[in-house]
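All remarks here apply to the structure that follows.
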Amino acid sequence: MIKAVIARVKKFQYEKYAVFIALAVLFIISALLSPYFTRIQNLLNILRQVSYVGIIALGMTFVITSGGIDLSVGSLMAFIGAVGILTLNYLMGVFNNEYLAISGAILAALIMGILSGALNGFLITRGRIAPFIVTLGSMAIFRSLSLYMASAGEIRSVSGHYGEFGMNSIWFLPVPVLVMLIIAAILNTILNSTRYGRHLCAVGSNPLVALFSAINVNRIKFLSYVLCGFTVSVSAVLLTSRFNAVSTSNTGMGFELDAITAVIIGGTPFTGGRGAIWGTIVGVIILGIINNMLNMLGISPYLQGTVKGLVIIGAVYLQRQKS
């Protein structure tokens with residue numbers, strides 16, 4: 001009997017469920033440290049706050065799984081937000097129907113996100129430039145363009161309903177949280193149950209072997225950046241609609257660090273080759289709980305970056321020990 005129990009314990013895949021165990025432990029510790037942590041409103045606030053980064057992190061999971069990186073997501077979010085609200089304000093003067101103007105602005109934002117991701121993917125695959133260099137350059141470009149469009153200020157929407165959309169809830173879940181979960185379910189299916197997902201992991205693991213296996217490596221990588229651009233645009237629409245405005249100097253600032261951190265915490269190795277969509281969701285929730293507890297305990301918000309940096313280093317170190 002004891003031997004059977006020991007055998008089952010050995011078979012238990014700790015690495016696969018490590019991030020979920022970490023979330024449970026962190027949740028218990030946070031509940032013990034503060035009686036306000038487990039309040040439903042506080043938990044929903046945490047989920048709402050992390051949902052914007054979480055949606056971006058889902059696209060980042062595909063990019064990192066392919067062996068790439070995207071440093072431009074934060075700046076791209078500000079750029080797409082600026083384009084979306086400027087389009088909305090323009091269409092409000094063209095159409096008599098406010099909802100039609102909002103739909104046109106959202107469509108323009110989504111298209112801009114896809115095109116921006118495609119630009120990064122094209123330069124990386126066809127231009128044969130390192131992903132770090134391309135996305136570092138586009139990060140500067142997108143932020144600069146957004147600052148130029150607003151003269152380094154804020155762009156406000158003239159639509160009242162657009163702001164209502166960003167603050168709505170369906171049942172008890174805020175709209176951004178529901179959107180994040182739906183996208184996660186779709187992308188999890190794509191990653192684990194489609195040929196593209198298998199090819200993506202193969203490219204990230206060894207692109208040369210994947211090429212010899214008749215896999216179109218450039219197309220696989222290109223689509224991962226397009227997908228990342230799309231998720232950034234979805235997040236930009238949700239965030240700007242929440243505030244009914246976009247601050248071109250602050251919107252998306254540091255989101256690239258948060259997204260990469262969530263992906264790595266979730267179990268996707270920085271070297272690529274495999275991805276964990278639900279692990280990424282858990283990773284971003286862990287970051288949200290850490291930030292929430294730092295605020296509740298009265299610790300300076302300026303130390304949150306220190307915590308994130310230590311978490312990244314620790315997660316990568318543990319992954320290297322497993323390999």
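The values are calculated or read from the model by the stated rules, or taken from the named source; none is laboratory data. Values in this document were obtained by computation on a predicted structure and should not be read as measured data. Don't worry about glycine lacking a Cβ; one is built from the backbone with ideal geometry, like all the others, and counts go over all protein chains shown.
Could you please find all residues in the stretch 76-127 being among the polar types (S, T, N, Q) and surrounded by fewer than 15 Cβ atoms within 10 Å (Cβ to Cβ)? First the steps, then the outcome.
At the first step, the residues of the stretch 76-127 found to be among the polar types (S, T, N, Q) are 87, 89, 96-97, 103, 116, 120, 125.
If the condition is that a residue be among the polar types (S, T, N, Q) and surrounded by fewer than 15 Cβ atoms within 10 Å (Cβ to Cβ), then Asn96, Asn97, Ser103 are the ones that fit.
Can you spot a residue in the stretch 228-246 that is modelled with pLDDT under 90, touching a Leu at 6+ places or on another chain (Cβ under 9 Å) and part of a loop (DSSP other than H, G, I, E, B)? No, that holds for no residue.
If only residues of the stretch 299-311 that are surrounded by 10 or more Cβ atoms within 10 Å (Cβ to Cβ) and of a type in the set (S, T, N, Q) are counted, the one that is modelled with the highest pLDDT is Thr306. Restricting Ala152, Ala82, Ala101, Ala105 to those that are in contact with a Ser or Thr (Cβ under 9 Å, 6 or more places away or on another chain), small (Gly, Ala, Ser) and part of a loop (DSSP other than H, G, I, E, B) reduces the list to Ala152.
For the stretch 117-136, the set of residues classified as touching a residue at least 24 places away in the same chain (Cβ under 8 Å) and among the small types (Gly, Ala, Ser) consists of Gly117, Ala118, Gly121, listed by residue number.
Checked against (1) under 18 Å from Phe255 (Cβ atoms); (2) modelled with pLDDT under 95, Met112 passes all but condition (2). Every test in (1) among the β-branched types (Val, Ile, Thr); (2) in a helix (DSSP H, G or I); (3) crowded, with 23+ Cβ neighbours inside 10 Å is passed by Val316 save one, and that test is (3).
Of everything listed in (1) in a helix (DSSP H, G or I); (2) surrounded by 21 or more Cβ atoms within 10 Å (Cβ to Cβ), the single unmet condition for Leu145 is (2). For the stretch 126-176, the tally of residues that are within 23 Å of Tyr99 (Cβ to Cβ) and of a type outside the set (Phe, Trp, Tyr) stands at 18.
Scanning the stretch 168-189 finds one or more residues that are over 28 Å from Ala105 (Cα atoms), among the β-branched types (Val, Ile, Thr) and outside any loop (DSSP other than H, G, I, E, B). Counting only residues that are loosely packed, with under 14 Cβ neighbours inside 10 Å and either touching a Cys at 6+ places or on another chain (Cβ under 7 Å) or aliphatic (A, V, I, L, M) (or both), the stretch 270-298 holds 1 of them. Counting the residues of the stretch 128-138 that are β-branched (Val, Ile, Thr) and surrounded by 20 or more Cβ atoms within 10 Å (Cβ to Cβ) gives 2. Taking each residue of the stretch 56-84 that is more than 24 Å from Leu191 (Cβ to Cβ) and in contact (Cβ under 8 Å) with a residue 40 or more places away in the chain and looking for partners that are outside any loop (DSSP other than H, G, I, E, B) and aromatic (Phe, Trp, Tyr) with beta-carbon atoms closer than 6 Å, six or more apart or interchain, yields Ser75/Phe142; Phe79/Phe142. Counting just the residues of the stretch 1-52 that are touching a Gly at 6+ places or on another chain (Cβ under 7 Å), modelled with pLDDT of 85 or more and of a type outside the set (S, T, N, Q), which one comes out farthest from Gly266 (Cα to Cα)? Once the filter is applied, the top-ranked residue is Ile46.
The C-beta contact set for the stretch 191-206 (first residue assigned to a loop (DSSP other than H, G, I, E, B), second residue of a type outside the set (Phe, Trp, Tyr), distance under 8 angstrom, 6+ apart or interchain) comprises Asn206/Gly273.
Residue-by-condition table, conditions (1) out of contact with any Leu (no Cβ under 6 Å at 6 or more places or on another chain); (2) in a helix (DSSP H, G or I):
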position	(1), (2)
Met253	yes, no
Ile264	yes, yes
Phe270	yes, no
Ile285	yes, yes
Ile289	no, yes
Leu294	yes, yes
Ile312	yes, yes
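Restricting the stretch 184-196 to residues that are at pLDDT 95 or above and small (Gly, Ala, Ser) leaves a set whose member that is farthest from Ala57 (Cα to Cα) is Ala185.
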